[in-house]
Amino acid sequence: MQGYILHTQKVREEDLLVKVLSPKQLYTLYRFYGARHSIIHLGNKIDFYIEKDLREIGKLRDPIHLGFAWEKEMQKRYFWQQFLKLLHTHLKDISTLEDFYFNLLEEGSMRLLKENPKRTILNLYIKLLNFEGRNNSLQSCLICEGILNEEVCITRGFVCAHPHCLKGEILTFSHLENLFNLQIELLEDDEVDKLWNVLMLGL
């Protein structure tokens with residue numbers, strides 16, 4: 001079985017509780033002497049099997065790190081881990097789920113080989129919003145429901161409003177259209193930085 005590590009939590013001295021996202025399930029597994037195993041890190045893709053015990057949670061056994069070349073680049077690894085932290089919080093109370101989330105991480109892990117990490121992750125997030133039915137049509141302001149103008153305020157969840165109705169980062173309407181149409185390569189670097197800051201507020 002394969003999965004991505006979304007979270008680790010130390011228990012006792014060196015053992016770990018590990019959250020692993022597989023294609024159909026988000027597992028909470030126990031890993032003995034986890035601190036001694038360098039492969040058990042947030043963001044890693046692993047191959048593993050589960051030793052089941054009816055009295056306890058499953059045990060993570062024989063994990064093998066399925067590494068990517070970009071993991072040697074500190075910046076890319078950092079941004080990837082930040083996104084997976086947010087995803088863990090977003091899926092925290094879910095155990096069974098669609099394979100969309102696993103496939104999204106599969107896509108992201110491949111795109112990071114050649115693409116800018118912030119732009120890659122923003123692309124993944126827009127796809128997540130679309131899948132969950134939270135995509136923004138830019139039709140109206142969230143607060144007053146009036147038509148949006150050239151300058152638009154964007155805040156957590158990539159919700160949009162008039163700048164005088166809500167506090168957040170300001171972008172132009174046409175550039176936000178590029179964002180929601182997955183044309184993120186058309187955005188300026190400073191706009192990508194603004195959108196990244198908004199994303200870090202939560203999914």
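The values are calculated or read from the model by the stated rules, or taken from the named source; none is laboratory data. These numbers come from a predicted model, not from an experiment. Cβ coordinates were reconstructed from backbone atoms using ideal geometry, including for glycine residues, and neighbour counts include every protein chain displayed. What goes into the accessible areas is simple: the full protein's heavy atoms, side chains included, and nothing from ligands, DNA or RNA. Shrake-Rupley method; radii C 1.70, N 1.55, O 1.52, S 1.80 Å.
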Quiz item: Equivalent-ellipsoid semi-axes (√(5λ), Cα gyration tensor) for the chain, whole Å, largest first?
Solution: 36, 18, 14
Quiz item: Sequence-distant or interchain residues sharing an amide H contact under 5 Å with Q25, placed H: which?
Solution: L97
Practice problem: Name the residues whose placed amide hydrogens come within less than 5 Å of the amide hydrogen of E169, ignoring near sequence neighbours (fewer than 5 apart) on the same chain. | Solution: I154
Self-check item: Whole-Å distance, taken between Cα centres, linking segment 86-142 and segment 1-16
Solution: 23
Quiz item: For the chain, which span is the longest to avoid every loop-located (per DSSP) member of trypsin sites (Lys or Arg not before Pro) having at most 10 other Cβ atoms inside 10 Å?
Solution: 56-113
Practice problem: Just need the relative contact order of segment 2-114 here, percent rounded to a whole number, with Cα pairs under 8 Å and 6+ apart. | Solution: 27
Exercise. Normalising by the residue count of segment 99-171, find the relative contact order in percent from Cα pairs under 8 Å and 6+ residues apart.
Key: 20
Quiz item: For the chain, modelled as a GNM with alpha-carbon contacts under 10 angstrom, which of G43, G108, G146 fluctuates the most?
Solution: G146
Exercise. Output the Kirkwood hydrodynamic radius of segment 1-46, Cα pairs only, in Å rounded to one decimal.
Key: 10.5
Quiz item: Ignoring ligands, DNA and RNA, what percent of the accessible area of segment 128-201 is carbon or sulfur (1.4 Å)?
Solution: 47
Quiz item: Label D15 and N135 with points 7 Å out from Cα along Cα→Cβ: what is the distance between them in nm?
Solution: 4.6
Self-check item: Hull volume in cubic angstrom per residue (convex hull over the Cα atoms of segment 2-114)
Solution: 102
Quiz item: Which is the longest run of the chain containing none of the GluC sites (Glu not before Pro) found in DSSP loop states (not H, G, I, E, B) with at most 15 other C-beta atoms within 10 Å?
Solution: 15-55
Quiz item: GNM on the chain, C-alpha springs below 10 Å: top fluctuator among V159, V20, V11?
Solution: V11
Practice problem: Find the accessible area per residue for the chain; the probe is 1.4 Å, ligands and nucleic acids are left out, and the unit is Å². | Solution: 53
Exercise. Can you quote the Å³ per residue value for the convex hull of the Cα atoms in segment 128-201, rounded to an integer?
Key: 86
Exercise. Would you mind calculating the gained length between F100 and S38 on full extension (0.36 nm times residue separation, minus the Cα-Cα distance), in nm to one decimal?
Key: 19.5 nm
Quiz item: Just how many pairs of Lys in segment 2-114 have C-alpha atoms closer than 14 Å, counting pairs that are eight or more places apart or on different chains?
Solution: 7
Exercise. Could you work out the relative contact order of the chain, using alpha carbon pairs under 8 angstrom and six or more residues apart, expressed as a whole percent?
Key: 16
Self-check item: Estimated vicinal HN-Hα couplings, Hz - segment 196-203 in sequence order (Karplus 6.51, -1.76, 1.60; Gly, Pro = x)
Solution: 4, 4, 5, 4, 5, 6, x, 7
